[in-house]
Every structure is written in structure tokens, then in C-alpha cells.
1. So Met80 ticks every box in (1) aliphatic (A, V, I, L, M); (2) modelled with pLDDT under 90; (3) surrounded by 15 or more Cβ atoms within 10 Å (Cβ to Cβ); (4) part of a helix (DSSP H, G or I) but one. Which box is left unticked?
2. Out of all the residues in region 111-143, which are over 15 Å from Ile44 (Cα atoms), crowded, with 16+ Cβ neighbours inside 10 Å and not hydrophobic (A, V, I, L, M, F, W, C)?
3. Residues of region 36-76 being at pLDDT 95 or above and assigned to a loop (DSSP other than H, G, I, E, B), which ones?
4. Ser122 - would you say it is in contact (Cβ under 8 Å) with a residue 12 or more places away in the chain, more than 20 Å from Phe15 (Cβ to Cβ) and among the polar types (S, T, N, Q)?
5. Condition test on Asp39, is it out of contact with any helix residue (DSSP H, G or I) (no Cβ under 8 Å at 6 or more places or on another chain), of a type in the set (Asp, Glu), surrounded by fewer than 20 Cβ atoms within 10 Å (Cβ to Cβ) and closer than 23 Å to Ile105 by Cβ?
6. Could you list, in sequence order, the residues of region 97-144 that are under 16 Å from Glu36 (Cβ atoms) and not in a helix (DSSP H, G or I)?
7. From Tyr63, Tyr11, Tyr2, grab the single residue that is over 15 Å from Ile123 (Cα atoms), surrounded by fewer than 14 Cβ atoms within 10 Å (Cβ to Cβ) and touching a helix residue (DSSP H, G or I) at 6+ places or on another chain (Cβ under 9 Å).
8. Is there a residue being surrounded by fewer than 18 Cβ atoms within 10 Å (Cβ to Cβ), of a type in the set (D, E, K, R) and over 18 Å from the mean Cα position of the chain (by Cα) anywhere in region 91-110?
Amino acid sequence: MYTGLQHAHSYVAYFALILLIVASINAIIGMTSNKEFKDGDRKISLFALIFTHTQLLIGLILYFVSPMVKVFDMPMGEVMKNADLRLYAVEHPLINIIAVILVTIGFSKHKKATTNQSKFKSIAIMYAIGTILILSRIPWNNWL
């Protein structure tokens, strides 16, 4: 089960990141060129949101079944002294949860926006920040 979750977490991450990058770039282009916000723009953003939430769900399940996260057996001071353990136990989950929250806020704000410009702007800003946060806390040595 653990290996399957690990593979799912890795593969869904590719789709989530690609969709987040595409949605961010699409929104930036739409915002700067004063395009009309169409159904295709909404779908790109929605699929990025869905894959991001799926990634978070798999990651949370993986967090509690992973042998790499020994937080429950160690004092927090020891966890914070070890860079690898700190990344997996604290930084990666916390920053990615914040990123998913930002992506969710961006999608929610776009639904309430009344102009095309403001719809693109909320998605562009929040999705781009979320993408940057996710990229900053990927354990690259184990992912590639």
C-alpha cells in the first residue's frame, strides 16, 4: 500500500504542477491581453484545483503511513535539527497545505469576480504563488 501511495503521490504531482503552471500562464496572458474569461479558462483552472486537492489528499494519507516521518516517535527538537526529517515532517506538508489553500482561494475569488480582468488576476496571482511554494518544498533528491 505504501509503495502504491508513493507512486500515486509522485505521478499526480506531475499533472498537478503542469496544470498549475498552465493555469497560471493562461491567467497571466488573459489578464495582460484583456481577453474574455471563457469556459476553457475556467476548466483549466478547475482541473488544476482538482489535481492539487487530489495531491494533497494522497500526501496526507502518505504522511501518516510513511516510515520516513518518525515525528510521532521523536521529540520535535530532534526533528528540527535533522534537515531531511524536518523537510518531510514539517516543511513539505505545511508549505504545500498553504499552497493548496492559496490555490483554493484563487479559484473561489475568481467565481465571485465580476470582470474578466479580476477573474484572471485572482487565478494568476494565487495559482502562481501556490506553484512557487510547491516547487520550493519538493524533495528533489527523491522525486526525480
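The values are calculated or read from the model by the stated rules, or taken from the named source; none is laboratory data. The structure displayed is predicted, hence computed values, not measured ones. Please note: Cβ atoms are built from the backbone with ideal geometry, for glycine as well, and neighbour counts cover all protein chains shown.
1. With (1) aliphatic (A, V, I, L, M); (2) modelled with pLDDT under 90; (3) surrounded by 15 or more Cβ atoms within 10 Å (Cβ to Cβ); (4) part of a helix (DSSP H, G or I) applied to Met80, the lone miss is (3).
2. Residues satisfying the conditions are Asn116, Gly130, Arg137.
3. Glu36, Phe37, Lys38
4. Values: in contact (Cβ under 8 Å) with a residue 12 or more places away in the chain: yes; more than 20 Å from Phe15 (Cβ to Cβ): yes; among the polar types (S, T, N, Q): yes.
For Ser122, the condition - in contact (Cβ under 8 Å) with a residue 12 or more places away in the chain, more than 20 Å from Phe15 (Cβ to Cβ) and among the polar types (S, T, N, Q) - is met.
5. Yes, satisfied.
6. Ala113, Thr114, Thr115
7. Values: Tyr63 fails: surrounded by fewer than 14 Cβ atoms within 10 Å (Cβ to Cβ); Tyr11 fails: touching a helix residue (DSSP H, G or I) at 6+ places or on another chain (Cβ under 9 Å).
Step by step, each of Tyr63, Tyr11, Tyr2 is checked, and only Tyr2 is over 15 Å from Ile123 (Cα atoms), surrounded by fewer than 14 Cβ atoms within 10 Å (Cβ to Cβ) and touching a helix residue (DSSP H, G or I) at 6+ places or on another chain (Cβ under 9 Å).
8. Within region 91-110, not a single residue is surrounded by fewer than 18 Cβ atoms within 10 Å (Cβ to Cβ), of a type in the set (D, E, K, R) and over 18 Å from the mean Cα position of the chain (by Cα).
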